Amino acid sequence: QVPADIECVGEFLQLCVWFGLVDESASKLSYDEFSRQFLAELDYEKEKDNLQQVYESSLDPEAPYMKRGVVIPRVFDEMCTKQVITMTYLPGPKFEEEAKQQLAVLGIDTKKGIRSVVKEAHNNATNEGSMGNELALSPDNNASSWKLALSRIIGNFVSVDSMFSIVRFARRIMLWSTAATVKSIQAVSILPIVPSDLKSWAEERQNAILQADRWGWTQEAVTTLLDVHGYQILNQGLFNADCHPGNILVVQDESNPSKEPKIGLIDYGQVKRLNPEERFKIAKLILSIANKESDESIAGHFRNLGIKTKTNSTRFLAEFGRLMFGSFEAKHLNHDWHRELHKEDRVLYFPNELSMVYRTALLLRGLAMSLQFNPSVGEEWRHHAEATIRLHNNNTQ
């Protein structure tokens, strides 16, 4: 059934080529990469090997895992089969549940699921839709909501980071106020003069205390996830390209629930491998964006990775790179900005080795933005990029 599903996707792409919607060579390369990654997800023996390699790399004291409180399950090889992977049990809920609680505090509706919230947050932020539209910076997505229009107006005067900071500060004050009130009511609840309705109110909001304590941890968790995946991509060349919140665990210390939790990373079926030369070229692009280098510099590193566009516009490539790995800017809310950039050029071929790196960055940045954080992936990965470039230069001298 699975090969048949993949074949259906291939036939659909052929129709798109026939109608002139996508470039034939680019669609074939994208389809080949999709097929490899999709089938790899179902290969349990390969997933077991991937997980074992990542687990072993996590034991390195110089790696960010131990420093950041990140754990990888250990594989029990003798208890694994072609259909079963046996590994260490990591206690605790998925990060999806933690994010839902924080989003609820921010007043964000999570009824459609955290994955939808993350996807919408990133799509609204970058004005992007499907993978094809992301790569082509398609202007076909209409942004007509009054919220988006208001964000554009405010964005002319206040930066995105400032807007997010204001929202987080206001919600934090509300949360801490609720937590303090709950503690006060609990302290005097034994007195007969305390109304039962007030006690019930405090009981219903008991989790506000834990949420207040965990607020700072959530932001640290996001930067930790960026750090670890940057290390996997640029240092190890072996990374999980499917790092959605359902594959991230909040690992509790069952003997001490008040202790700050660790992060558990699971599901290494959809793993991408990069050779040293690919990592070096990607590191150069990442570093040029982190350092806010010129359009010519960023576009040059992009071209070295093999990207092909219709007019080979330097400005288009530079803006595309910043959109992929930089922080979100107010102009990205402007539909006209995307439209004008799209008129200038469009992507014909996007390098396979970069596509899964971009997907990983997209997932992590989408998660961060849904939680009202606006990180620059380039800046978060800067030190890993610098280390990769140093190692490459030393090996080639």
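Structure data summary
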quantity	calculated
Relative contact order of the stretch 273-389, pairs being alpha-carbon contacts under 8 Å that are 6 or more residues apart, as %	39 percent
Carbon/sulfur fraction of accessible area - the stretch 264-394, other protein chains in place, 1.4 Å, %	46 percent
In the stretch 56-99, the trypsin sites (Lys or Arg not before Pro) that fall in loop regions by DSSP, at most 10 other Cβ within 10 Å	Lys82
Label-point separation in nm, Asp49 to Ile190, each point 7 Å along Cα→Cβ	6.4 nm
Total formal charge among the other residues, if their Cβ is under 12 angstrom from that of Gly69, Lys/Arg +1 and Asp/Glu -1	0
Test item: Cα-centred dipole of the stretch 213-350, Lys/Arg +1 and Asp/Glu -1 on Cβ, debye	580 debye
Potential extension, Met66-Lys183 segment - 0.36 nm per residue separation minus Cα distance	38.7 nm
The stretch 347-397-the stretch 245-279 distance, computed between alpha-carbon centres (Å)	18 Å
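The values are calculated or read from the model by the stated rules, or taken from the named source; none is laboratory data. Because the structure is a prediction, the values reported are computed rather than measured. Ideal geometry is used to build each Cβ from the backbone, glycine not excepted, and the neighbour counts take in all protein chains shown. Only protein heavy atoms, including side chains, enter the accessible area calculation; ligands, DNA and RNA are left aside. Shrake-Rupley method; radii C 1.70, N 1.55, O 1.52, S 1.80 Å.
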